[in-house]
Amino acid sequence: MISLDNLDRIEFNITSLCNAACPLCVRTIAGDKLELNSLPIETFKNLLDQLPSGTSVDFCGTTGDAMMHTNILELFEIVQEQGRRSDTHTNGGSRNVEFFKKLGKISAKSNHRISVTFAIDGLEDTSALYRI
């Protein structure tokens, strides 16, 4: 049995919203059968408060792109206020330069404990196989 006391990292799939229609994604395969929603901030706070203080938080995108969550900057701030590290992966297409400047400022205030991986798959002639 896994104990929360031993947890050092946890993934939160915080939204089913996405700006892409990747051919192999469950969102594309399920079509309009997938309910579009995002994890409420209060629910996230309650879950986070139950974790050991050193637990790192990953915002993942099993059915959506975490950067599409309406309140993603606030979620990053909550994680940083608790002194946690946070990572996320994104297709990079849903936010503008101003958004990432704001995220950079949040990261700078927290000793740069935020990591963002931009998943840009394929080359010019193969990208459509992976991202639409």
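The values are calculated or read from the model by the stated rules, or taken from the named source; none is laboratory data. Everything numeric here is computed off the predicted structure, so don't read it as measured data. Glycine gets a Cβ as well: all are built from the backbone with ideal geometry, and neighbour counts include every protein chain shown. The protein model used for the area step is the full one, side chains on, heavy atoms only, and it has no ligands, DNA or RNA in it. Shrake-Rupley method; radii C 1.70, N 1.55, O 1.52, S 1.80 Å.
Quick rundown of the values:
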{"quantity": "For the range 101-116, 3J(HN,Hα) per residue [Karplus equation, 6.51 cos²θ - 1.76 cosθ + 1.60, θ = phi - 60°, Hz, x = Gly/Pro]", "calculated": "5, 4, 5, x, 5, 4, 5, 4, 5, 10, 6, 6, 8, 10, 10, 10"}
{"quantity": "Dipole-positive endmost among Ala108, Ser53, Ala128 within the chain (Cβ charges, Cα centre)", "calculated": "Ala108"}
{"quantity": "Sequence-separation-based contact order of the chain, relative, with Cα cut under 8 Å and 6+ spacing, percent", "calculated": "29 percent"}
{"quantity": "Nearest-0.05 FRET efficiency for Val97 and Ser127, computed from C-beta distance (R0 30 Å)", "calculated": "0.90"}
{"quantity": "Cysteines without a disulfide-compatible partner [the chain; Cβ-Cβ under 4.7 Å]", "calculated": "Cys18, Cys60"}
{"quantity": "Inter-part distance where the range 83-104 and the range 11-40 are each reduced to a Cα centre, Å", "calculated": "19 Å"}
{"quantity": "Net charge dipole size for the chain [Lys, Arg +1 and Asp, Glu -1 on Cβ; Debye, nearest 20]", "calculated": "320 debye"}
{"quantity": "Carbon and sulfur %, accessible surface of the chain computed with the full protein complex present, 1.4 Å", "calculated": "53 percent"}
